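The values are calculated or read from the model by the stated rules, or taken from the named source; none is laboratory data. In this text the structure is predicted, and so the values were computed from the model without any measurement. In this analysis, Cβ positions are derived from the backbone assuming ideal geometry, glycine residues included, and neighbour counts consider all displayed protein chains. Side chains are part of the model used for accessible areas, which takes the heavy atoms of the whole protein and leaves out ligands, DNA and RNA. Shrake-Rupley method; radii C 1.70, N 1.55, O 1.52, S 1.80 Å.
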Amino acid sequence: MGYSRIIPYFCTRNTFFIMALSKNRIKYIRSLELKKNRDADQVFVAEGPKLVNELLGRFPCLLLAGTSEWAARNPHPACDEFVEVSDEELGRASFLKHPQQVLAVFRQKREELAPDAAQHSLCLALDGVQDPGNLGTIIRLADWFGIRHLFCSPDTADLYNPKVVQATMGSLARVSVHYTSLPELIGRFVGEVPVYGTFLDGENIYAQPLSDNGLIVMGNEGRGIRKETERLVTRKLYIPAYPKEQGPSESLNVAIATAIVCAEFRRQAAWP
């Protein structure tokens, strides 16, 4: 089922106000939980006042469904179509356990690959990170630490998965996410740009000088960084457990590890 326009009720400021969220429209929104349907129409769903307001103006908005409470605070939404809905209607369309006043269908934005970004700034790369919550949190972390480019292997979780979108809390609007072969990407600048990765046999991150440019590779939740990517890592780092005598747990969550690594890079940049 494609995104199909229904008959508008009235129009103001280039936005169509429609009478109700029809069963077909609800069915269509629910279908966007599946990647194949999102990809077919190049759209995605975002929910909640903070997230939707962050994305409005950054991504074309095709449909916006909001409660009267939300509409009263946002009288002229920048979208193609707007429908005022009851809490019950919103609940039928929502992916959330507790719907939050507004839901929007946005057009996806495909970023052009920026292979040279790591030469003059700090970038992140994710090698097979498959949990949507982890990906969304890492995008949010990248935004917090001023990292504007995130490179993902093709098997990393889909950027436009509703769980990923929600976990970004709007940072999706400010971080460019690229899907590409990491070995091919790194091969373009190997020897010219530092490539960092976290490993159990790496060097203590707190005892290493870290640059303010380069690529930080974070691996899959279970297997870590692939061998073909690992071969291209030039600086292996390790996050030590405390106390040493206790020994580390099996592993850190990849989003938590990313936060620790990014914080240390930025700490050294601010207070070398």
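How are the alpha carbon pair distances in the chain distributed across 10 Å bins from zero to the largest one, expressed in percent?
7, 28, 29, 19, 13, 5, 0
Long-range amide H contacts for Leu62: which residues qualify at under 5 Å (H placed 1.01 Å from N, peptide plane, sequence gap of 5 or more or a different chain)?
Close amide H contacts, sequence-distant or interchain: Asp80, Val105, Phe106, Arg107.
Treating only the Cβ of Lys, Arg, Asp and Glu as charged (+1, +1, -1, -1), what charge dipole size does the chain show about its Cα centre? Round to the nearest 20 debye. It would help to have the intermediate numbers written out before the result.
Values: 31 positive and 31 negative charges, 98 e Å.
Here the size comes out at about 460 debye.
Charges on Cβ only, +1 for Lys and Arg, -1 for Asp and Glu, centred on the Cα centroid of the chain; of Val261, Pro194, Ser22, which one is farthest towards the dipole's positive end?
Ser22
Per residue of the stretch 255-262, in order, report the coupling 6.51 cos²θ - 1.76 cosθ + 1.60 (Karplus, θ = phi - 60°) as ³J(HN,Hα) in whole Hz, putting x for Gly and Pro.
Taking θ as phi minus 60°, the curve returns 5, 5, 4, 4, 4, 5, 5, 4 Hz for the stretch 255-262.
Just want the answer: with Cβ charges of +1 for Lys and Arg and -1 for Asp and Glu, which residue in Gln100, Gly66, Leu55 is farthest toward the dipole's positive end in the stretch 32-108?
About the Cα centre, the residue reaching furthest to the positive side is Leu55.
At a 10 angstrom cut-off on C-beta neighbours, averaged per residue, how do the peptides 207-214, 93-100 rank from highest to lowest? Could you put the intermediate results ahead of the total?
Working: 207-214: 14.0, 93-100: 15.6.
Highest-to-lowest ranking by the protection proxy: 93-100, 207-214.
In 5 Å bins starting at 0, how do the alpha-carbon pair distances of the stretch 187-232 split up by percent?
So the P(r) values, bin by bin, are 5, 17, 29, 26, 17, 5.
Can you give me the accessible area per residue for the stretch 94-208, using a 1.4 Å probe, in Å²?
Numbers: 4780 Å² over 115 residues.
For the stretch 94-208, the per-residue accessible area is 42 Å².
Set Lys and Arg Cβ to +1 and Asp and Glu Cβ to -1, take the dipole of the chain about its Cα centre, and tell me which of Tyr160, Ala241, His178 lies farthest positive.
The residue sitting farthest along the positive end of the dipole is Tyr160.
For the chain, what does the helix formula give at 222 nm: sum of -39500 (n - 2.57) over DSSP H segments with n ≥ 4, over the residue count, nearest 500 deg cm²/dmol? Working shown, then result.
Details: 11 runs with 87 residues, N = 272.
The per-residue figure over the chain is -8500 deg cm²/dmol.
Calculate the translational D of the stretch 48-170 in whole µm² s⁻¹ from Stokes-Einstein, where the hydrodynamic radius comes from the Kirkwood formula applied to all Cα pairs, the temperature is 4 °C and the viscosity 1.567 mPa s. Intermediate values should be presented prior to the final figure.
On the way: Rh = 15.8 Å.
The calculation lands on 82 µm²/s.
Taking amide hydrogens as modeled 1.01 Å from N in the peptide plane, which residues meet the under 5 Å criterion relative to Arg226, leaving out close sequence neighbours?
Under 5 Å from the amide H of Arg226 lie the amide H atoms of Asn220, each far enough along the sequence or on another chain.
Before anything else, pin down the relative contact order of the chain: Cα pairs under 8 Å, at least 6 apart, normalised by residue count, whole percent. Kindly include the intermediate steps, with their values, before the conclusion.
Working: 503 pairs, mean separation 47.0, N = 272.
The value is 17 percent.
Considering only protein heavy atoms and a probe of 1.4 Å, how much of the accessible area of the chain is carbon and sulfur, as a whole percent?
52
Using only the alpha-carbon atoms of the stretch 146-272 as identical scatterers, what base-10 log of I(q)/I(0) does the Debye formula give at q = 0.16 Å⁻¹?
For the stretch 146-272, the Cα-only Debye profile gives -0.90.
Spelling out what I want: for every residue of the stretch 66-73, take phi, set θ = phi - 60°, compute 6.51 cos²θ - 1.76 cosθ + 1.60 (Karplus), and round to whole Hz; glycine and proline get x.
Result, rounded to whole Hz: x, 6, 4, 4, 5, 4, 5, 8.
Can you classify the stretch 115-219 as rounded, prolate or oblate using the Cα gyration tensor, where a ≥ b ≥ c are the square roots of its eigenvalues, rounded means a/c under 1.5, and otherwise it's prolate if a/b beats b/c and oblate if not? Could the numbers behind the result be given before it?
Details: a/c = 1.60, a/b = 1.51, b/c = 1.06.
Taking the square roots of the gyration eigenvalues as a ≥ b ≥ c, the stretch 115-219 is prolate.
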